[in-house]
Structures are given as structure tokens and as C-alpha cells.
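Worksheet for the structure shown next.
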Amino acid sequence: MRAAVVTDFHAPLQIQDLPVPEPGPGQVLVRIEATGLCHTDIHAAHGDWPITPTPPFIPGHEGIGRIEKLGDGVSSRAVGDRVAIAWLAYACGECRHCIGGWETLCARQQTSGYSIDGTFAEYTVVAAAFATPVPDAICALEAAPLTCAGVTTYKAIKVARVAPAETVAIFGIGGLGHLALQYARIAGGFVIGVDITEEKLAMATELGADHVVNAHAGDPVAAIQALGGVDVAVALAASPEAFDQAYRSLRPGGRLVCVAMPADNAAISLPIFDTVIGGKSVIGSIVGTRNDLADVFALHAAGRTSVVTVGRKLDEVNDSIADVLAGRVPARVVFEL
């Protein structure tokens, strides 16, 4: 099979011919149809975070495909089933986080394209229980970004407890942000889109943003506070400065939701007095669960969300990474295999 492989954190990915993996007990073999390029894949390929993958490895965790082979003991899935392979590739199902509905915090979890090989390949294996069914009504090109960008931002809006008529600022209108904006609207919020390019702000307006703010053209905090501030700010841009701006955009009682993870474990500084007196909260939000992903697919199948994609071939992986880092991609690159 053909796969895009990280061989060194300081080298481009290599397209290699590798053996098709065999599913082990409890696993399924999936023929990948499409897989999205997440910024996390770029961080993985560059070894940006404190805990790094071990080269060589195959990135990717927004995979859509069909099951071609079952491992021993699999009865919950069948050959031909259409499934998604997400970031969470395995959780133990027994710890307090798993049984409490927070399987994404499981200490024994495995993650696609990071701790195990992912979906930048023609085939991959995954635990059958974590191969989430994909409705036939959703094309692979749109289903792929929903598998991470969708479920991650859906979860962020859930943990922010967005209520009808609250104002939500989305910092970073890209692969994640264009979906976060839509989930905030579904929850009943008024939405402000914040970005540094007019093209992405135009996309935000088309998707229903009530206001847009160009953070490159002026002080976004001043612009947002002039509108009355926000109840929720969702930080999706991988920049510590954007996190600081998001916090300072809050009204009293506001919630900052941290989603993006800048390189090198960057830190932000919080004013303790303002946080306490203003009753403000800072919330970390990791990806959603399998139940959250099922909700995301259901909303899209019902026509409640739109996914903006750019189709590419796997051979274009390195150029695509460069385009994402340069801000030349409106939302999500999806590799069609």
C-alpha cells in the first residue's frame, strides 16, 4: 500500500510502498477513501509537542473508508461497513474517565497518527469499537474533516455551555473555526469570527457570523469589547497571542475555551485579580467522544452544517502542509485516495 511516512521530524514526509497491515484480535482493516489534514498532523510530523511520536510513523486521524477484513472476535462490525477513524483510536473502557463519559481522558488511550499509525495510507487498522459508523448521506470529502475538526469544535461548544443569545467569539476561522462557528449558532449563540485574512472572514460571514473582526488590521480586543464583549471565546489559532486576545475579549462571567495547542508547550499569562473579580473561567477542551462524533455526523446528514474542503492527492502532502502553514487554505485539505 502507499502511505505518507514521517521518517524524521526535520524532513519532508516520504511516500512509501508498505505492506498492508493485518487486523489483530478486536481490530478491523479499513480501506481509506479520504483523510483530512489536521494541524495536529503537522505538529506530529515536526515533533512540536512535549510528547512526540516515534518515527517512522504514518500520520492522520480524519480517515473515512470501508472495512475490508475483520480480526478475531469482531462481531460489532461487518465487512463493507463505512466507518471513520478518529484521533481516539482506543480507550480502555474501564477507568473512571471511560465509564464517566470522558473516554478522551483515558490514560491508556491510543491515538491515530500519533501513538499508532494513522490514516495517511491506503489501508489502516483500528479497534472495531472505535471505527465509528458514517451515514451514507455524507460524502467522504465532507465526512473526513467532521471526524476531527467537527467533533473537536462540537465538544468545545458543549463544554463552554453556550446558551441561546450568548455571544461567542471564534478566534481562528479555518478547518476547525468554520465548524465551531456553525455549532455555536446551532446552540443559539450570536457569533463573532476573528481571523487575520479577509478571505476567511468572508467565509465566516457566508456561514452566518453576526460580526467579523480582522485581527491583523487592528486590535481585536478593542473591536470586540466595543461590541459588548463575549460570553465565550474559543481559541482555535495556534498562537499564544490569540489566546491572550481571546481572554481579554471576555465579559464578566465569560469562559475562555482553549483548543489549539501551539508548539513548544507555549504558555499564557492570566491576570488573577481580573479572573477572580470578573468570575471568568478557563477551560481546556480535548476532542469529543464516539457519541459526540455520532452527533456531529447526524447534524451534518440533516443539513445543519457545511464543510469547506480542498481536495488533494496524497502525493501533495508536503505542499499541502506548506499551504496550511502559510494560510493559503480556506478551511480543510482532504486527501482522496
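The values are calculated or read from the model by the stated rules, or taken from the named source; none is laboratory data. What you see is a predicted model; the values in this text were computed from it and never measured. When we count neighbours, we look across all protein chains shown, and the Cβ atoms used for this are built from the backbone with ideal geometry, even at glycine.
If you go through segment 223-248, how many residues are in contact with a Pro (Cβ under 7 Å, 6 or more places away or on another chain) and small (Gly, Ala, Ser)?
2
Would you call Val30 closer than 12 Å to Ala121 by Cα and in a loop (DSSP other than H, G, I, E, B)? Explain how you work it out, then say what you get.
On the way: closer than 12 Å to Ala121 by Cα: yes; in a loop (DSSP other than H, G, I, E, B): no.
No.
Of the residues Glu142, Glu166, only one is assigned by TED's automatic domain parsing to the domain that holds Ile67 and either at pLDDT 95 or above or under 18 Å from the mean Cα position of the chain (by Cα) (or both); which?
Every option except Glu142 fails the conditions.
Out of segment 180-205, which residues are out of contact with any strand residue (DSSP E or B) (no Cβ under 9 Å at 6 or more places or on another chain) and in a helix (DSSP H, G or I)?
We begin by selecting, within segment 180-205, every residue out of contact with any strand residue (DSSP E or B) (no Cβ under 9 Å at 6 or more places or on another chain); these are 183, 186, 188, 199.
Passing the criteria: Tyr183, Ile186, Glu199.
With the condition kept exactly as written, say whether any residue in segment 259-267 is outside the structural domain of His97 (by TED's automatic domain parsing), within 17 Å of the chain's Cα centre (by Cα) and either loosely packed, with under 15 Cβ neighbours inside 10 Å or assigned to a helix (DSSP H, G or I) (or both). I'd like the intermediate steps shown before the answer.
If we filter segment 259-267 for residues that are outside the structural domain of His97 (by TED's automatic domain parsing), which is where we start, we get 259-267.
Subset that is within 17 Å of the chain's Cα centre (by Cα): 259-263.
Then keep just the ones that are either loosely packed, with under 15 Cβ neighbours inside 10 Å or assigned to a helix (DSSP H, G or I) (or both); that gives 263.
Yes: segment 259-267 contains one or more residues that are outside the structural domain of His97 (by TED's automatic domain parsing), within 17 Å of the chain's Cα centre (by Cα) and either loosely packed, with under 15 Cβ neighbours inside 10 Å or assigned to a helix (DSSP H, G or I) (or both).
Among Val307, Val296, Val317, which is the only one that is modelled with pLDDT of 95 or more, closer than 26 Å to Leu105 by Cα, in the same structural domain as Gly47 (by TED's automatic domain parsing) and among the β-branched types (Val, Ile, Thr)?
Result of the check over Val307, Val296, Val317: Val296.
When you scan segment 304-312, do you find a residue that is part of a helix (DSSP H, G or I) and either out of contact with any helix residue (DSSP H, G or I) (no Cβ under 6 Å at 6 or more places or on another chain) or buried (at least 17 other Cβ atoms within 10 Å of the Cβ) (or both), even just one?
No, there is no match, as no residue in segment 304-312 is part of a helix (DSSP H, G or I) and either out of contact with any helix residue (DSSP H, G or I) (no Cβ under 6 Å at 6 or more places or on another chain) or buried (at least 17 other Cβ atoms within 10 Å of the Cβ) (or both).
Condition first: outside any loop (DSSP other than H, G, I, E, B) and surrounded by 15 or more Cβ atoms within 10 Å (Cβ to Cβ). Now tell me which residues in segment 206-224 satisfy that. First the steps, then the outcome.
Let us first name the residues in segment 206-224 that are outside any loop (DSSP other than H, G, I, E, B), namely 206, 211-214, 220-224.
Of everything in segment 206-224, those that are outside any loop (DSSP other than H, G, I, E, B) and surrounded by 15 or more Cβ atoms within 10 Å (Cβ to Cβ) turn out to be His211, Val212, Val213, Asn214, Pro220, Val221, Ala223, Ile224.
Kindly evaluate Ser269 against the criterion of being out of contact with any Ser or Thr (no Cβ under 8 Å at 6 or more places or on another chain) and at pLDDT 95 or above.
no
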